[in-house]
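K.L.:
Got a structure here, written out as structure tokens. Questions coming.
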Amino acid sequence: MGRQIPLYTSLFQNNPDAVFTVDMEGGFTSVNPAGEALTGYAADELFGRRIWDILSRKTDGNHVEEMVKALYEGVRKNRHYFLRHKHGHFIEISVTSFPIFDNGKVAGRYAIAKDITAYKRTEEALHQMEKIFRLISENVMDLIRITDTNGVIQYASPSHLTVLGIAPQQLLNLPCFSLLHPDEREKARASYRQMVESKRPVEKEYLYRHQDGRTLLFEVKGRPVIGPNGEVEHVVVIGRDITERRRTEDMLRNSDKLSVLGELAAGIAHEIRNPLTALKGFIQLLQTEQSTNDQYLRIMLSEIERITFITSELLLLAKPQALRYQRHDLLPLLQTVIKLLEPQANLKNVTIQTRFPDTAPCITCEEYQIKQVFINIVKNGMEAMPHGGTLTVDVSAVGTAEVVVRIIDEGDGIPEEMIPKLGEPFYSTKEQGTGLGLMVSHKIIREHRGSIAIHSTVGKGTTVEIRLPMSDFCP
């Protein structure tokens, strides 16, 4: 037994937690160095004081009666107290106390105390963060989901009820793909697996099914949450309803098409009238001949084919098209646009010249949207030269990654301060312009992962530079 006393003394003195003993009157009978550090009092300063002199259940009272009662209880107690430090400030502590027995009677208490001020502060901060997160998730209209690495929903924001008509509780433990339109699910699963494997965020557009049967378009962003071991633990998925936004964009695009078609009408009518006049004359000549003249018929057929081409292109531009991104040789696309606009160029005394490379670059694009962009830009260039001039369409490749199309006019140019505003809706340098054409062109080129830049010098003309990713050189 004699050899155990130093061991207990060592444990008492070197315990990292504050350790106190008190008698039945609450007076301190011992305190270890950690207790001195916690209270700010030296041991001999505490002797002669009572436990309730420095401890209380609240900062505004000592609750002496409660603490006196606890002295006589012969059981272990776990409670939180506020300790009044020697310097006057309060420290929140957790106290575990045990009765000390002498001949079967409680003779005092042995207490171990831990400073939990920092823990409580952290706990309160987490509580506040939780309140803020709950406030955001309950009021935001975006769909917020937390899923495991297999796509199973572990949390769904209340906005699911407002936006999709389904209570978030019904989604728990279901695959997040179940919310999608059936045609989109397999594509979404593949994208999800790729995101988890690569550990990189993804951004896609998917069709969702509302509970009332409607189909809605959503912009969906997925972000993996990486754990301490470097592996994906969860995925945060945020979806935003862009159905109305896309509908508005389509309306603007169609409005721009109608505007373009209206302005092209005069030139197209002029171009169609010329071959019709020739056809009429040749038919009249044929009526006077006894036999068919092959030369006249060939000319007539050529002119008819020309009319067919112009009207077909006009209808294709005006008619809504399903978006189909395919590889296209860029040069024929530009040649088609130039051929379509030549009648209007002739009316304005504008010559369109081309500078094309020997090797044809290929791009992946939606054919009719890209044609619409080139029509808008070439028309703007022609309109910038009311007294005529030369409009140059220059194409060059930047290595094998990018192709640059420059449309250069000889107009009056645009003041430097006006260039940043070009592309804003209803802002135009033309008297009758709406600004929608350039805005729609910017949108289309962005969707094709490209860019549009405008360079202009007053009195010398304007260059519109369109950069697009190149698929390859076409054979």
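The values are calculated or read from the model by the stated rules, or taken from the named source; none is laboratory data. Everything numeric here is computed off the predicted structure, so don't read it as measured data. So basically every Cβ, Gly included, is an ideal-geometry build from the backbone, and we count neighbours across all protein chains shown. Surface accessibility is based on the protein's heavy atoms, side chains included, excluding ligands, DNA and RNA. Shrake-Rupley method; radii C 1.70, N 1.55, O 1.52, S 1.80 Å.
K.L.:
Pop a pseudo-label 7 angstrom from the Cα along the beta-carbon direction at both Val68 and Asp102 and give the gap in nm to one decimal.
P.N.:
For the pair Val68/Asp102, the computed spacing is 2.0 nm.
K.L.:
Determine the sum of side-chain charges near Ile54: Lys and Arg each +1, Asp and Glu each -1, restricted to other residues whose C-beta is under 9 angstrom from that of Ile54.
P.N.:
Counting the neighbours of Ile54, the net charge comes to +3.
K.L.:
Can you run phi through the Karplus equation (6.51, -1.76, 1.60; θ = phi - 60°) for segment 15-22 and list ³J(HN,Hα) in whole Hz, with x for Gly and Pro?
P.N.:
4, x, 8, 5, 10, 10, 10, 10
K.L.:
While we're here: Can you give the accessible area per residue of segment 96-193, in Å², using a 1.4 Å probe?
P.N.:
59
K.L.:
Shifting gears a bit: What is the packing order of peptides 117-125, 454-462, taking the mean over residues of other C-beta atoms within 10 Å and listing the highest first?
P.N.:
Those peptides, ordered most packed to least, come out 454-462, 117-125.
K.L.:
Considering only protein heavy atoms, what is the solvent-accessible area of Ser157 at a probe of 1.4 Å, reported in Å² to the nearest 10?
P.N.:
So the heavy atoms of Ser157 present about 0 Å² to solvent.
K.L.:
Packing-wise, with mean Cβ within 10 Å as the measure, how do 211-218, 326-333 rank, highest first?
P.N.:
326-333, 211-218
K.L.:
Share of segment 122-222's accessible area from carbon and sulfur, percent, 1.4 Å?
P.N.:
It is 53 percent, rounded to a whole number.
K.L.:
State, in angstrom, two size descriptors of segment 136-216 derived from its alpha carbons: Rg to one decimal place and Dmax to the nearest whole number.
P.N.:
12.5, 36
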